[in-house]
Amino acid sequence: MQRFQSLLLATVLVSGFVPTGLSHAATKIALTYNTTSAYIASYVAKDQGYFEKRGLDVELSLAENGTLTPAALVSGSRQVGVLTPPMILQADEQGLDLVIIAGGTAAPDPSGESGLVARADSGIKSAKDLIGRKVGVPGLGGTFDLLTKKWVQSNGVDYHDIHWAEVPFIRMGDSLKAGVVDAVALINPFYTRAIENKIGYTIGDFYLAVPAGSLFTLYASTRGWAKDNPVAVNAFRDALDDAKNFITDPAHHDAVLESLGKYTKLPPQAVATVQIPVNLETRATRAAMTFWADIAREQGLIKEKIDPASLFAP
């Protein structure tokens, strides 16, 4: 028996093969995500087996309401969730103690993918023309709200002199046509549709206010989970890196779109128009959150000064 075990160990060391009975069980991770191409790396990592290759058993589940993701992480029903910088800043100030384990996408955003769109007959030509007007953003206190206000401010206008309203992306086009709002902050595919259908025209790109390297989207967990699972955290990042390399290879374009459609549940005709992100940034640094920590405090989204370094898992 002892001789058999010695031979088996020698086989493992030479061939790298690990018999099923001797292998370590894969770390299970329940990942909740939103329907956006920003998290394409996780879709591809799942479909191409990169998570499994790194010893992770990742189950992706679509979040019905992204604002509930922090609570899902704290409750333990999900180990990893996708968030935006404003969301994790607010969650941490509320004492939820979440940390960033990997980045999603980062600035700069490709040109032609977003913009502040004014209604076709509004006569609005600049930020100053927005004074007293109503501007629609997908969520007050969210990424687009903060960035649009920053853009307005950088163009010499006090954003308090503008009326702000929450309008879901899918309703922005109709809201513009009906005159419910005078301008909206849009991203693709909604941005391109609004321009091509002559519902409105671009007066500026709010993404230009974001310094290069700053995160737009991210993957987060509780600090406790990250501390207890450092190997899994590193493996998660490595799997996203593998997926990033796969995505950037033009030969894999069709496979990437297939994964995108599978997880976002968009119809094929919509998937075909989606621009695959080229600004994927899995390895985030302290500087990636500095801009957000500053702007969130400046606009009153958070009250206390937060050290960006404290937002990252080791």
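Considering the chain as a Gaussian network with a 10 Å cut-off on Cα pairs, which listed residue, Phe190, Phe236, Phe216, attains the greatest mean-square fluctuation?
Phe190
Where does each of 170-176, 92-98 land if you order them by average Cβ count within 10 Å, highest first? Please report the intermediate quantities before stating the final value.
Details: 170-176: 18.0, 92-98: 15.4.
Highest to lowest by the protection proxy: 170-176, 92-98.
Report D for the chain in µm² per second (integer): Stokes-Einstein, Kirkwood Rh on Cα pairs, 25 °C, 0.890 mPa s. It would help to have the intermediate numbers written out before the result.
Working: Rh = 21.1 Å.
D, rounded to a whole number, is 116 µm²/s.
Going Cα to Cα from Lys46, which aspartates and glutamates come in below 13 Å? Please leave out same-chain ones fewer than 8 positions away.
Asp57, Glu59, Asp238, Asp241, Asp242, Glu258
Suppose a student asked you for the relative contact order of the stretch 114-209, using Cα pairs under 8 Å spaced at least 6 residues apart; what percent would you report? Before the final figure, lay out the partial values.
On the way: 171 pairs, mean separation 48.1, N = 96.
With pairs under 8 Å counted, the relative contact order is 50 percent.
Relative contact order of the chain, please, whole-number percent, based on alpha carbon pairs below 8 angstrom and at least 6 residues apart. Intermediate results must be reported in sequence, preceding the final value.
Details: 528 pairs, mean separation 88.6, N = 314.
The normalised contact order for the chain reaches 28 percent.
How far apart, in nm, are the 7 Å Cα→Cβ label points at Asp228 and Asp174?
4.5 nm
Hey, with R₀ at 30 Å, roughly what FRET efficiency would Gln299 and Arg193 work out to, going by the Cβ-Cβ distance, to 0.05?
Working: r = 29 Å, r/R0 = 0.97.
Result of the calculation: an efficiency of 0.55.
Pick from Ala45, Ala288, Ala165 the residue whose mean-square fluctuation is largest in a GNM of the chain, springs joining Cα atoms under 10 Å.
In the Gaussian network model the winner is Ala165.
Find how many whole Å separate the alpha carbon centroid of the stretch 232-301 from the alpha carbon centroid of the stretch 120-182.
Their Cα centres are 26 Å away from one another.
For n ≥ 4 DSSP H runs only, could you compute -39500 (n - 2.57) per run for the chain, divide by its residues and tell me the 222 nm figure to the nearest 500?
Values: 13 runs with 123 residues, N = 314.
Rounded to the nearest 500, the figure is -11500 deg cm²/dmol.
Note down the net charge around Gln299, summing +1 for each Lys or Arg and -1 for each Asp or Glu among other residues with Cβ under 9 Å from its Cβ.
Details: positive: Lys149, Lys150, Arg297; negative: Asp145, Glu298.
Every neighbour counted, the sum reads +1.
Taking the simple approach of a point 7 Å from Cα along Cα-to-Cβ for both Arg133 and Glu59, what is their distance in nm?
Distance between label points: 4.9 nm.
By a straight-distance test (C-alpha under 25 Å), which lysines pair with Lys303 as possible cross-link partners, with residues fewer than eight away in the same chain excluded?
Lys149, Lys150
With each pseudo-label sitting 7 Å past Cα toward Cβ, what's the Thr248-Ser154 distance in nm, one decimal?
It works out to 2.5 nm between the two label points.
How large is Rg/Rh for the stretch 114-209, to two decimals, with Cα atoms and a Kirkwood Rh? Display every interim value, and only then the final one.
On the way: Rg = 11.5 Å, Rh = 12.7 Å.
Ratio value, two decimals: 0.91.
Give me the lysines in straight-line cross-link reach of Lys53: C-alpha distance below 17 Å, same-chain residues under 8 apart excluded.
Lys28, Lys244
What translational D, rounded to a whole number of µm²/s, comes out for the stretch 21-67 from Stokes-Einstein when the hydrodynamic radius is the Kirkwood one over Cα pairs, at 20 °C and 1.002 mPa s? Please list the in-between numbers first.
Details: Rh = 11.7 Å.
The calculation lands on 183 µm²/s.
Computed from the coordinates by the stated procedures, all read-outs in this text should not be read as laboratory data. Treat the numbers as computed from the prediction; the structure is a model and nothing was measured. No Cβ is skipped: glycine too gets one built from the backbone with ideal geometry, and neighbour counts run over all protein chains shown.
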